1. Can you name every residue in segment 197-235 that is free of Cβ contacts under 8 Å to residues at least 60 places away in the same chain and in contact with a helix residue (DSSP H, G or I) (Cβ under 6 Å, 6 or more places away or on another chain)?
2. Condition first: part of a strand (DSSP E or B) and farther than 17 Å from residue 191 by Cβ. Now tell me which residues in segment 379-417 satisfy that.
3. Every residue in segment 89-103 that is exposed (fewer than 13 other Cβ atoms within 10 Å of the Cβ) and within 30 Å of the chain's Cα centre (by Cα), please.
4. If I go through segment 305-331 residue by residue, how many of them are of a type outside the set (Phe, Trp, Tyr) and out of contact with any strand residue (DSSP E or B) (no Cβ under 9 Å at 6 or more places or on another chain)?
5. Looking at 384, 398, 406, 375, which one is over 30 Å from residue 118 (Cβ atoms) and within 16 Å of the ligand (Cβ to nearest atom)?
6. Working only within segment 104-126, note down all residues that are open to solvent by 30 Å² or more (accessible area, probe 1.4 Å) and among the polar types (S, T, N, Q).
7. For segment 189-289, which fully contained helices (runs of 4 or more DSSP H) count at least 2 residues that are away from the ligand (no atom under 16 Å from the Cβ)?
8. Say whether the condition of being over 24 Å from residue 144 (Cα atoms), part of a loop (DSSP other than H, G, I, E, B) and open to solvent by 20 Å² or more (accessible area, probe 1.4 Å) is met by at least one residue in segment 424-432.
Amino acid sequence: KKTDNQILTIFGASGDLTERKLIPAVFNLFKRGFLPENYAILGVSRTDFSDEEYRKKVVFDNPHLKASKDNPGELENFAKMVFYQSIDTKAVVDYQLLANRLKTLCNDCHTDQNYIFYLSTPPSLYSVISKNLGEAQLNTEEKGWKRLIVEKPFGYTLESAKELNNQLLESFKEDQIYRIDHYLGKETVQNTLVARFGNTIFEPLWNRIYIEKVEITAAESVGVEKRGGYYDGSGALRDMIQNHLLQLVSLVTMEPPARMDAESIHNEKLKLFRSLRPLTQDDIRDNVIRGQYLNSTIGDKQYPGYREESGVDPESRTETFAALKFYIDNWRWADVPFFVRTGKRLPTRVSEVVIHFKPNHHHLFSQRRIANSQNVLVFRIQPNEGILLKFGLKVPGNGFKVETVNMDFQYDGLTDAYVPEAYERLLLDCMQGDATLYARGDSVIAAWEFVDPILKAWKDDPDLPVYGYPSGTWGPEQANALIENGHGWRNPC
Ligand code: BG6
């Protein structure tokens, strides 16, 4: 695809995400020859930096940039594209400064007036910035295109997400707005689509007739680290489920799109979100479990409990673990239970989707073994990205003993394949005007519609418990009870 000459403006330029993810992503695109001939990055925030000082901070002193060994001048060459402009993002007058600076950069760097504005600020500034960009005519596409990338969280509740969406739409058109969800940039997340729609052997079985249940886990071994202040106002449901995990659910369950383009995929995802069975008060009580990690000792190391983390209210009821069971009310998935869970300070870092196929109707082989040989397909999102298929085989020798074996494909077996970081892939897509892996406004709202009643119930009903769980475990015991039949969750190590 063609990549036009352009300028990337990053709001929140002195922030953590810029240093850790955004600049490294552009740097990798630069190294791999994916940037257009004329390109510039303009960092924008309130702090006063000269261009040189900013380059030092985000390029030369940035531990997340790795120059190639055989190309020592790489950092210098990249740094030449990086500029900085200090403005007060709340002050509309300052946007004239920004507009002028962009014009000068266009002349100096021979870029066209194609601009991406990346909002990597606190979310309370998203609508202010977009409004001010509009006032300064930085949204008009008479000369060059204009795109706005909006970081998560997209809203805090259903109401605030709707409000934010409307505010953005006052200055930018839907096709100019790119709502980023970095899970969609993960190679293995995209691969769920290829596995389903690029093969003949999976899709015919991808429905209620053959699938018994679907499990999705996103576990992290770390706690909230230095993000206690942010996290305490968010919690696992908002931080992971409303966005990343529901996006994943939609890719695993949506109908085949008519074409592999943004509109067709977004339409299918929206249909899917609208088919999520709304959770009733009883469902929320019985099928949604939340927990908080407790002060624990693992080996000879002591880990603080969530309520002792800095920035966290000592009486906080914010969940660091959430698990839920729900249904999708459509032709394909009627009555198939879905189980989704995520948490911090779990035994390991792993994200995976587990498809459990139904056992055979007629048992020819020993009953005891049949349960073990039930077919399971696992999409391992991270780490050890890959796909695992479990199926039964005869054990050599007398009789018909069945044993479960694994067919295990690992991505790193594709020796020369470079697996780009999620941000790298997503930024390049936006640079090329491809919104397929971004979230459309209506489906973000639809995902909020599903999650919002849980947040309301948790807020309004003090009797709904927050269970404590020891660090290094798979969350509260009550979450295990969600999966019936005694099978429990697949707890990968
Ligand atoms: C972020 C959340 O969006 O995703 C973090 O805010 C979480 O709390 C992270 O740790 C997980 O992303 P990944 O790519 O490490 O699975």
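1. Hit for segment 197-235 is 203, nothing else.
2. Initial filter on segment 379-417 (part of a strand (DSSP E or B)): 379-382, 386-394, 402-410.
Answer for segment 379-417, where residues must be part of a strand (DSSP E or B) and farther than 17 Å from residue 191 by Cβ: 390, 391, 392, 393, 394, 402, 403, 404, 405, 406.
3. Answer for segment 89-103, where residues must be exposed (fewer than 13 other Cβ atoms within 10 Å of the Cβ) and within 30 Å of the chain's Cα centre (by Cα): just 90.
4. As a first pass, look at segment 305-331 and keep what is of a type outside the set (Phe, Trp, Tyr): 305, 307-320, 322-325, 328-330.
Right, trim to out of contact with any strand residue (DSSP E or B) (no Cβ under 9 Å at 6 or more places or on another chain) and you get 308-315, 330.
The total comes to 9.
5. On the way: 398 fails: within 16 Å of the ligand (Cβ to nearest atom); 406 fails: within 16 Å of the ligand (Cβ to nearest atom); 375 fails: within 16 Å of the ligand (Cβ to nearest atom).
Residue meeting the stated conditions: 384.
6. Listed by number, the residues that qualify are 104, 107, 113, 124.
7. Numbers: elements: 228-232, 246-253, 262-275, 281-287.
It comes to 246-253, 262-275, 281-287.
8. At the first step, the residues of segment 424-432 found to be over 24 Å from residue 144 (Cα atoms) are none.
The answer is no; no qualifying residue exists.
The values are calculated or read from the model by the stated rules, or taken from the named source; none is laboratory data. Predicted, not measured: the structure shown is a model, and the values here were computed from it. Every residue, glycine as well, gets a Cβ built from its backbone with ideal geometry; the counts of neighbours run over all protein chains shown. All accessible areas refer to the heavy atoms of the entire protein, side chains included, with ligands and DNA or RNA removed. Shrake-Rupley method; radii C 1.70, N 1.55, O 1.52, S 1.80 Å.
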